[in-house]
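Peer 1: What follows is a single structure, and I will ask about it in a moment.
Any read-out appearing in this document is the output of simple, stated calculations on the displayed coordinates, not a laboratory observation. Values in this document were obtained by computation on a predicted structure and should not be read as measured data. When we count neighbours, we look across all protein chains shown, and the Cβ atoms used for this are built from the backbone with ideal geometry, even at glycine.
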Amino acid sequence: MVDVKNRSTPVVEKKEVKENKCSCGCGCGCRQQAIDMFVKCGTMLVSALIISAAIATVPNRCACKKMMPQNAPRAERPMQGPAVQDFRQFIMDNPKVLIDSVDKYYKAQEAAKPAAPATPQMAPAELVQQIVNDKTNYSLGNPKGKYVIIEFFDYQCGWCKKTNKEMAAAVASKEGKNIRWIPIDTPIFGEASETIARYVLAAGEQKKYAEMHDAVGAATGKLDEAALIELGKKLGLNTDKLKKDANGEKIKAKLVANREFTKTLNINGVPMLIVDGRINGGALIGDKLAAVVKESQNKK
């Protein structure tokens, strides 16, 4: 097998190369030139059969100055036949060299092509409208904003926290004034996550959902029931009512309803957002969020 990359000469050719002989006898190296030329051409042909046919029909040419006038056009210079025939035999004996060469060429061509833009997956319009019209859902940012972002998240999810932090800054900015952000509490990390979600929703019963949402997002350490009640106290909430509402049937029913949304959308992880009707899996942060904010400015 020939190492095409290093253009090593096959074993059967070692003696002739070592003696620096060529097919016309002048030592000009036309044999190696023929090999180089055909290996290079192999990367641009469609199959080994086409390449072999091309080799068989190439006219004999040579760069030998002893065999022709120095001013003769290169295309008219004769090449002795043995170099072509020997190389053709090598190709016939080792067809995989050309197959690998063609395969490498087309892989490089495909890699160089710009990636086609992915078609955005749209959320069911009826479901989006249902979430928007549901008065039990809270809106952050502009409650009358025309550009709607719906977020499914868990307070114990690190990427959700990062998304919430950057989203809060975005909707508070002048550029994001047309965004209506609807967070949908969807605890997926067990009982602790569900407890946090219930207390944040319960704070909403006292008109402090946004404040509790931000407080939980900024909190560090374990957020058990005692810690959540303490956060509520700092926000000026009636902690007795907070605890009662958090453990009441209304809040529990709300989380059940939220889970139905995740089933309909086949959500298996968070954060997951619906951005102006398009499904966005993963965090919405950085440049991606900046592009969304810019897009929101044109929404009428």
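Peer 1: Pick out, from Ile149, Met167, Thr136, the residue whose Cα sits farthest towards the positive end of the charge dipole of the stretch 118-176, with +1 on the Cβ of Lys and Arg and -1 on the Cβ of Asp and Glu.
Peer 2: Checking the options against the dipole of the stretch 118-176, the answer is Met167.
Peer 1: So how much slack lies between Thr136 and Ile99, counting 0.36 nm per residue of separation and subtracting their Cα-Cα distance, in nm?
Peer 2: Gain on extension, Thr136 to Ile99, equals 6.9 nm.
Peer 1: Can you give the convex hull volume per residue for the Cα atoms of the stretch 192-240, as a whole number of Å³?
Peer 2: Taking the convex hull of the Cα positions in the stretch 192-240, it is 65 Å³ per residue.
Peer 1: Direction-averaged shadow area of the convex hull around the Cα atoms of the stretch 143-300, nm²?
Peer 2: Result: 9.1 nm².
Peer 1: If you stretched the chain out fully between Lys234 and Ala169, how much longer would it get, using 0.36 nm times the residue separation minus the C-alpha to C-alpha distance?
Peer 2: Net length gain for the segment: 21.2 nm.
Peer 1: Would you please give the FRET efficiency between Glu249 and Asp287, computed as 1/(1 + (r/R0)^6) with r the Cβ-Cβ distance and R0 = 45 Å, to the nearest 0.05?
Peer 2: 0.55
Peer 1: Efficiency by 1/(1 + (r/R0)^6): what FRET value for Lys294 and Met92, r their Cβ-Cβ distance, R0 = 45 Å, to the nearest 0.05?
Peer 2: Using R0 = 45 Å, I get an efficiency of 0.15.
Peer 1: Could I get the Rg over Rh figure for the stretch 231-300? Both from C-alpha atoms, Rh via Kirkwood, rounded to two places.
Peer 2: That ratio equals 1.13.
Peer 1: Also: Would you mind pulling out the separation of the Cα centroids of the stretch 170-210 and the stretch 253-300, in Å?
Peer 2: 13 Å
Peer 1: To continue, here is another question. Starting from the Cα of Lys144, step 7 Å along the direction of its Cβ; do the same at Glu191; then give the gap between the two resulting points in nm.
Peer 2: Distance between the two pseudo-spin positions: 4.6 nm.
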